[in-house]
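Trainee: One structure is given below, represented as structure tokens, and several questions about it will come after.
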Amino acid sequence: MIAYLFLLLAIVSRVVPHTVNLTAVGGSLLFFGARRSRWQTGIAVVALAATDFYLTHFAYGYAFHAQDYLVTWAWYAAVCLLGHGLLGRNTSALRVGAAVFTSATSFFVISNFVVWMGMGSGIYAHSAAGLLACYSAAIPFYGNDLVSTGIIAGALFGLPVLGRKLADAMHRHGNDSAAA
């Protein structure tokens with residue numbers, strides 16, 4: 001059930017007005033994928049697709065065209081499946097770090113390539129210089145995504161481990177005191 005709460009956090013982090021471009025999407029999708037079955041990936045995709053519709057149509061006042069979001073929706077599913085495959089059974093700090101890097105970097109590479117191709121915008125020239133300009137303009141967003149995904153995934157996967165280690169240490173300390 002906690003995976004659904006963090007999916008809700010991802011939605012809220014996109015909908016609530018914020019000045020810093022940090023959201024809980026990447027980290028929450030990794031956690032959702034790691035803690036829920038593969039078929040439930042569809043639930044996460046539908047929930048975030050509904051958020052895309054809401055933001056596009058109601059918050060920004062633009063016409064909504066589903067074809068403009070197909071790549072993003074595929075990315076949502078891929079990140080859930082990455083979480084399921086990489087973090088579902090054997091979670092370690094290295095695996096979480098790899099998943100965070102893969103999630104943020106794949107979104108940066110794929111979404112900006114789609115922008116450069118002109119799907120939904122057409123603001124960059126179809127040349128090497130246009131592609132470079134597109135990726136260069138997105139670097140600050142990539143940094144924010146990497147940080148926010150790292151914070152959320154680090155907390156979701158790391159805090160339970162830290163809690164168990166602290167509880168074990170307190171238990172050992174209690175046993176040592178009782179034996180003395």
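Trainee: Can you pull out every residue in the range 124-169 that is aliphatic (A, V, I, L, M) and not in a helix (DSSP H, G or I)?
Mentor: Residues of the range 124-169 that are aliphatic (A, V, I, L, M), as a first pass: 125, 128-129, 131-133, 137-139, 146-147, 151-153, 155-156, 159, 161-162, 166-167, 169.
Selection gives Ala125 alone.
Trainee: Let me ask another. Only one of Ala34, Ala44, Ala74 is assigned to a helix (DSSP H, G or I) and in contact (Cβ under 8 Å) with a residue 60 or more places away in the chain; which? Show your work before the answer.
Mentor: Working: Ala44 fails: in contact (Cβ under 8 Å) with a residue 60 or more places away in the chain; Ala74 fails: in contact (Cβ under 8 Å) with a residue 60 or more places away in the chain.
Sole residue among the options that is assigned to a helix (DSSP H, G or I) and in contact (Cβ under 8 Å) with a residue 60 or more places away in the chain: Ala34.
Trainee: Kindly list, by first and then second residue, each pair from a residue in the range 56-69 that is closer than 17 Å to Gly118 by Cβ and without any contact (Cβ under 8 Å) to a residue 40 or more places away in the chain to a residue that is of a type in the set (Asp, Glu) and surrounded by 12 or more Cβ atoms within 10 Å (Cβ to Cβ), limited to pairs with Cβ atoms under 8 Å and residues at least 6 apart or on different chains.
Mentor: Taking only residues 6 or more apart or on different chains, the pairs are Tyr69/Asp52.
Trainee: Are there any pairs with C-beta distances below 9 angstrom linking a residue in the range 106-118 that is on the phi > 0 side of the Ramachandran plot to a residue that is outside any helix (DSSP H, G or I) and not β-branched (Val, Ile, Thr), with the two at least 6 apart or on different chains, and if so which?
Mentor: Close Cβ pairs satisfying both conditions: Gly118/Tyr124; Gly118/His126.
Trainee: Also, quick follow-up: Any idea which of Trp116, Trp75 is in contact with a His (Cβ under 9 Å, 6 or more places away or on another chain) and buried (at least 17 other Cβ atoms within 10 Å of the Cβ)? Show your work before the answer.
Mentor: Working: Trp75 fails: in contact with a His (Cβ under 9 Å, 6 or more places away or on another chain).
Step by step, each of Trp116, Trp75 is checked, and only Trp116 is in contact with a His (Cβ under 9 Å, 6 or more places away or on another chain) and buried (at least 17 other Cβ atoms within 10 Å of the Cβ).
Trainee: Taking interchain pairs and intrachain pairs at least six residues apart, which have beta carbon atoms under 6 angstrom, with the first residue in the range 155-180 and modelled with pLDDT of 85 or more and the second not acidic (Asp, Glu)?
Mentor: Leu156/Phe31; Phe157/Thr91; Phe157/Val96
Trainee: Restricting the search to the range 11-31, which residues are outside any loop (DSSP other than H, G, I, E, B), among the aliphatic types (A, V, I, L, M) and more than 15 Å from Leu146 (Cα to Cα)? Give the derivation first.
Mentor: Looking only at the range 11-31, we keep the residues that are outside any loop (DSSP other than H, G, I, E, B), and these are 11-15, 25-31.
Then drop every residue that is not among the aliphatic types (A, V, I, L, M), which leaves 11-12, 15, 25, 29-30.
Hits for the range 11-31 are Ile11, Val12, Val15.
Trainee: To continue, here is another question. Find the residue count for the range 22-43, including only residues that are buried (at least 24 other Cβ atoms within 10 Å of the Cβ) and under 12 Å from the mean Cα position of the chain (by Cα). Break it down stepwise before answering.
Mentor: Taking the range 22-43 as the starting set, the residues that turn out to be buried (at least 24 other Cβ atoms within 10 Å of the Cβ) are 24-34.
Going one step further and asking which of them are under 12 Å from the mean Cα position of the chain (by Cα), we end up with 24-33.
Total meeting the criteria: 10.
The values are calculated or read from the model by the stated rules, or taken from the named source; none is laboratory data. Note that the coordinates shown come from a computational prediction; the quantities given were computed from them, not determined experimentally. So basically every Cβ, Gly included, is an ideal-geometry build from the backbone, and we count neighbours across all protein chains shown.
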